[in-house]
Amino acid sequence: MEAEAKALEGRVESVVFRNEENGYTVLRLAVPDEEEPATVVGCMPGVSPGETLSVTGTWSHHAAYGAQFKARAVERKLPSGAAAILEYLSSGAVKGVGAVTARRLVEEFGEEALEVLENQPERLAALKGMTPKRARELSENFRAQMGMRRLLNFLRANDLSPDLALPLYRLYGDAALEEIRANPYRLTAEGLDVPFQTADALAVSLGVDAQDPQRLEAALLFELRHNAGNGHSFLPVDKLLAATARLLSLEGPEPLDRALDALCRRGATVRETLLGLDCLYLAELHEAECYVAQRLEEMARLEMSAPRDLGRVLANIQTQQGITYAPQQVEAVELAARSQVMLLTGGPGTGKTTSLRGVLALFDALGLDTALAAPTGRAAKRLGETCGQEAYTIHRLLETHFDDKTGKVYFTHTQKDPLKQDAVIVDETSMVDITLMSALLAGLKSDCRLVLVGDPNQLPSVGPGALLGDLLKSGAIPAVSLVQVFRQAARSAIVRSAHEIHHGVHPQLKNTGEGDFFFMSRVKSQEAAQTVVELVSSRLPQRMGFPPDQIQVLTPTRKGPLGTFELNRRLQETLNPPSEDRPQRTFGAVTFRLGDRVMQVKNNYDAMWLDPDRGESGLGVFNGDIGKIVDVEQDGSALTVDFDGRRVFYPADALGELELAYAVTVHKSQGSEYPAVVFACLDVPPMLLTRSVLYTAVTRARSLLVSVGDKRVFLRMVDNNRPQRRYSALRARLTGG
């Protein structure tokens, strides 16, 4: 249960610590009638000694530092009285004003010192040694301080997070408050990510008209961004206008036409007729899609010179690997020898891994420096283990950075500074969206080879586009699609069932007591949920030898008795119950406890990680990464998560980026493989009752799959091969159609 909110007011005595990147501050606040100053922690950028603060928050106890007051809302008040003003200015709060200048200011202007400093810099010339240029600089520095102060007070007054203050200030500088007052919808921009409804409520309170162009344009952009998050690279204009009219409660879409034209004129969006549709793109997605099509077309046209003794090279590779390749595997390696770009696809048991190793061995024989990459950390780790050399996430390969001023991600390796590698092999390409593929292609040197590996029958990327499917269907990229299931793999019921599901055939669900795929019939939700917990906590560990940390529960949905939230609550209660030696922290409706399995649920490009074993450090933790809580501060104010050796520190205000991960959605499991999977198959929302969801869930299991639920639901998913449409024109651009 969250502690009751309380309020403190007092004068800042000292600033103990400040993180200039995120505004996190530790200060000492002298509160009237209290013997000792209070330690206050929270987002308080720019606060300085001498100021009066009114803070709302909660008390907690830190094991090392004692009682702390965690500020959730902060109101800053300028110091009053000559003594307090002198203390404030002497603290270094205003850049360029030291103790000597502060004393001269107060001696000359008394209680007017701050007013003069902000609005009458010409009067500063009365001070000894003060030039007009320096007076202007001091005034500008103080106005910057005042801008931040007023911005924080504005956010507090409108129930907006103080965490917005620094990114807003980086974007707009001293004019941040004026910019937001002039257009509250700027808060919905990428990097600020305030919900449209919140910004709209603020706009209404500021008197913005219902048909103000700013409101209409912001709503159109919000709909485009929201749908990009659902996988769409563009939206048909008629659908976009209808959805936006509903969002704004307009009687019809007519008022939006002018706003749409304005967005196109200023380059925020691009309108184009494709596939017989009137399409509207966010400018960055249009640029990415066009660039991917253009670059891949150029690469597909270029035929590389295969070695004359390719047959001998292939024979040597097979001898070294102790295997004889099947005809399609030979075809894959030969295609890699003569193509700058190629696709290598196939389902489980079709020899995709062997083919991939063969391509890598070929590149080694040709003397090529090859990089291995995958979209997620877990997929990269598995790829590296498979191929016997280090693999990178695509973000890490390109060296990702986060620009605090713009809120945008950028990469070190681009067309101006490409990767040095001669070849790049990317696994789990079905997870790569159009923007990440654009960045990857831009980071390759002109003659770099590219091999894209994946299973087109899995769910598409979370981000915009349907990259792998579009590339395959276009026929524009050289490809080998492996279809033969090898005899050894065919012995696995998991592999057989996956291929049966892909072809719309009902797999065998009668348990024989042997094999690696079992179905446990449960038609009541609570019984099914209890069975899932028992399987993970006792049955599979005791009977099959799989410890709980090697078992992953998958479910199609987040909601309901068999959704991730409820299953995680039950599993945590059983596998990692409360204990005196397990400190915990409650954030919202979720309690995080030492030892919990957790997942990062949004990309955080500037989160620092440390690898104590390797002595390495870096930036970036990404959506879908799964780790374990290895440290929780005694007062619960922060925790540390270990992601496969990389440790990331989470202060309290960053816990919204984490979820418990004993159970995860099938979508979140993409790119991962687990020794054992328990799949909950009951109470599935209609939109998730699809073959691709089921196929993805089944193919996550390496050694054991247990499905718990209703056979009718399972078989309905097999029968439903209606894919959710994604608006993407990559295929059309590649085929010229």
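Output yes when any residue across region 39-49 is more than 31 Å from the chain's Cα centre (by Cα), open to solvent by less than 30 Å² (accessible area, probe 1.4 Å) and at pLDDT 85 or above, and no when none is.
Going residue by residue through region 39-49, those that are more than 31 Å from the chain's Cα centre (by Cα) are 39, 48-49.
Retained after the next criterion (residues that are open to solvent by less than 30 Å² (accessible area, probe 1.4 Å)): 39, 48-49.
If we keep only those that are at pLDDT 85 or above as well, we get 39.
So far as region 39-49 goes, yes, one or more of its residues are more than 31 Å from the chain's Cα centre (by Cα), open to solvent by less than 30 Å² (accessible area, probe 1.4 Å) and at pLDDT 85 or above.
Against the condition touching a strand residue (DSSP E or B) at 6+ places or on another chain (Cβ under 9 Å) and buried (at least 20 other Cβ atoms within 10 Å of the Cβ), how does Phe592 come out, does it pass? It is true that Phe592 is touching a strand residue (DSSP E or B) at 6+ places or on another chain (Cβ under 9 Å) and buried (at least 20 other Cβ atoms within 10 Å of the Cβ).
Scanning region 595-615 for residues that are within 24 Å of Pro375 (Cβ to Cβ) and open to solvent by less than 70 Å² (accessible area, probe 1.4 Å) returns Arg597, Val598, Met599, Gln600, Val601, Asn603, Asn604, Tyr605, Ala607, Trp609, Asp611. Does Glu272 qualify as being under 18 Å from His232 (Cβ atoms) and charged (D, E, K, R)? For Glu272, the condition - under 18 Å from His232 (Cβ atoms) and charged (D, E, K, R) - is met.
I'd like to check something: does region 117-134 contain any residue that is outside any helix (DSSP H, G or I), crowded, with 19+ Cβ neighbours inside 10 Å and among the basic types (Lys, Arg)? No, that holds for no residue. Restricting region 626-682 to residues that are in a loop (DSSP other than H, G, I, E, B), within 20 Å of Pro541 (Cβ to Cβ) and open to solvent by 10 Å² or more (accessible area, probe 1.4 Å) leaves a set whose member that is modelled with the highest pLDDT is Tyr662.
Filtering region 249-269 to residues that are crowded, with 19+ Cβ neighbours inside 10 Å and among the hydrophobic types (A, V, I, L, M, F, W, C) leaves Leu256, Ala259, Leu260, Leu263. Being assigned to a loop (DSSP other than H, G, I, E, B), polar (S, T, N, Q), buried (at least 18 other Cβ atoms within 10 Å of the Cβ) and in contact with a strand residue (DSSP E or B) (Cβ under 6 Å, 6 or more places away or on another chain), is that true of even one residue in region 411-423? Yes; the residues of region 411-423 include at least one that is assigned to a loop (DSSP other than H, G, I, E, B), polar (S, T, N, Q), buried (at least 18 other Cβ atoms within 10 Å of the Cβ) and in contact with a strand residue (DSSP E or B) (Cβ under 6 Å, 6 or more places away or on another chain).
Based on this model, can you work out whether Leu368 counts as open to solvent by less than 50 Å² (accessible area, probe 1.4 Å) and part of a helix (DSSP H, G or I)?
In short, no.
Counting only residues that are among the polar types (S, T, N, Q) and within 30 Å of Asp433 (Cα to Cα), give me the helices (runs of 4 or more DSSP H) lying completely in region 467-528 with at least 3 of them.
Details: elements: 467-474, 487-490, 493-502.
In region 467-528, there are no helices (runs of 4 or more DSSP H) which contain 3 or more residues that are among the polar types (S, T, N, Q) and within 30 Å of Asp433 (Cα to Cα).
Just the residues that are in a helix (DSSP H, G or I), farther than 30 Å from Leu105 by Cα, open to solvent by 30 Å² or more (accessible area, probe 1.4 Å) and at pLDDT 80 or above, please, taken from region 142-166.
Step one: of region 142-166, the residues in a helix (DSSP H, G or I) are 142-157, 162-166.
Then keep just the ones that are farther than 30 Å from Leu105 by Cα; that gives 155-157, 162-164.
Still in the list and also open to solvent by 30 Å² or more (accessible area, probe 1.4 Å): 156-157, 163.
Within region 142-166, Arg156, Ala157 qualify.
Quick check on my filter: what residues within region 276-298 are hydroxyl-bearing (Ser, Thr, Tyr) and open to solvent by less than 10 Å² (accessible area, probe 1.4 Å)? Result: Tyr281, single match. Of all residues in region 299-327, those being open to solvent by 80 Å² or more (accessible area, probe 1.4 Å) and part of a helix (DSSP H, G or I) number 5. Restricting attention to region 532-564, the residues that are open to solvent by less than 20 Å² (accessible area, probe 1.4 Å) and under 27 Å from the mean Cα position of the chain (by Cα) add up to 10.
Closer than 30 Å to Gln600 by Cβ, in contact with a Cys (Cβ under 8 Å, 6 or more places away or on another chain) and in contact (Cβ under 8 Å) with a residue 24 or more places away in the chain: which single residue out of Leu344, Leu383, Leu360 fits that description?
One residue alone meets the criteria, Leu360.
Among the conditions (1) closer than 18 Å to Ala165 by Cβ; (2) touching a residue at least 60 places away in the same chain (Cβ under 8 Å); (3) open to solvent by less than 60 Å² (accessible area, probe 1.4 Å), Arg72 misses just one, which is (3).
Working only within region 187-237, note down all residues that are open to solvent by less than 60 Å² (accessible area, probe 1.4 Å) and in a loop (DSSP other than H, G, I, E, B). Within region 187-237, Ala189, Gly191, Leu192, Val194, Val208, Ala210, Asp212, Gly231, His232, Ser233 qualify. Just so you know, in region 75-102 the residues that are open to solvent by 50 Å² or more (accessible area, probe 1.4 Å) and free of Cβ contacts under 8 Å to residues at least 12 places away in the same chain include one that is farthest from Arg134 (Cα to Cα), and it is Ala83.
Could you run through region 683-700 and say how many residues are within 23 Å of Phe546 (Cβ to Cβ), hydroxyl-bearing (Ser, Thr, Tyr) and part of a loop (DSSP other than H, G, I, E, B)? Walk me through how you get there before you give the answer.
Taking region 683-700 as the starting set, the residues that turn out to be within 23 Å of Phe546 (Cβ to Cβ) are 694-700.
Filter once more, so that each one left must be hydroxyl-bearing (Ser, Thr, Tyr): 695-696, 699.
Now narrow it down to the ones that are part of a loop (DSSP other than H, G, I, E, B): 699.
Going through region 683-700 one residue at a time, the tally reaches 1.
Could you please find all residues in region 570-582 being open to solvent by 20 Å² or more (accessible area, probe 1.4 Å) and free of Cβ contacts under 8 Å to residues at least 60 places away in the same chain?
Here is the first cut: in region 570-582, the residues open to solvent by 20 Å² or more (accessible area, probe 1.4 Å) are 570, 573-575, 577-582.
Listed by number, the residues that qualify are Arg570, Glu573, Thr574, Pro577, Pro578, Ser579, Glu580, Asp581, Arg582.
The values are calculated or read from the model by the stated rules, or taken from the named source; none is laboratory data. What you see is a predicted model; the values in this text were computed from it and never measured. A quick note on method: Cβ atoms are made from the backbone with ideal geometry, for glycine too, and the neighbour counts reach across all protein chains shown. The accessibility values were calculated without ligands, DNA or RNA, using every heavy atom of the protein model including side chains. Shrake-Rupley method; radii C 1.70, N 1.55, O 1.52, S 1.80 Å.
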